[in-house]
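The values are calculated or read from the model by the stated rules, or taken from the named source; none is laboratory data. In this text, all values refer to a predicted model and were calculated from it rather than measured experimentally. No Cβ is skipped: glycine too gets one built from the backbone with ideal geometry, and neighbour counts run over all protein chains shown. Ligands, DNA and RNA are stripped out before the accessible areas are found, and what is left, the full protein with its side chains, is counted by its heavy atoms. Shrake-Rupley method; radii C 1.70, N 1.55, O 1.52, S 1.80 Å.
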Amino acid sequence: MMEGKPSTMTPARARLLEDLNFAWHSHTAIWMERFLELMEFRERFGHCSVPSTYGVNPQLAVWVKCQRRQYKLHREGRSSGMTEERIRELERAGFVWCGRIYPRQKEKEDYNSAPE
């Protein structure tokens with residue numbers, strides 16, 4: 001369906017795929033998946049400060065670090081995957097842009113225990 005390019009994709013096929021929640025852009029789908037994991041973390045712990053050593057979901061810890069880095073690049077006017085819409089979503093959720101907040105040792109241990 002790209003302009004000037006032959007395709008077997010029709011508007012009807014596109015609608016069927018959209019009805020199935022097809023992810024047209026895999027990066028957006030992965031971002032949303034991690035964002036939902038962040039919301040689960042917030043629900044469990046009451047905040048969005050995912051520790052860098054979050055053993056239950058290390059991918060989430062890496063994603064959070066990446067969001068902070070992308071935010072910094074975005075604010076500096078450099079190339080970044082961060083958008084104003086993502087910034088608003090993260091801020092609405094209570095995301096902490098500065099990752100230098102260390103919880104008490106007991107809380108650190110609780111982060112790496114399996115969810116109840």
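Run the numbers for Cys98 and Ser80: contour at 0.36 nm per residue of separation, minus the present Cα-Cα distance, in nm. Walk me through the numbers before you get to the answer.
Details: separation 18, 0.36 × 18 = 6.48 nm, distance 1.75 nm.
Taking 0.36 nm per residue and subtracting the Cα distance, the gain is 4.7 nm.
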task: With label points built 7 Å along Cα→Cβ from the Cα atoms of Ala12 and Thr28, find their separation and express it in nm.
output: 2.5 nm
- request: Could you please put Tyr54, Tyr71 in sequence from largest to smallest accessible area, using a 1.4 Å probe?
  value: Tyr71, Tyr54
- prompt: Modelled label-to-label distance, Gln59 and Glu91, 7 Å Cα→beta-carbon offset: nm?
  reply: 2.9 nm
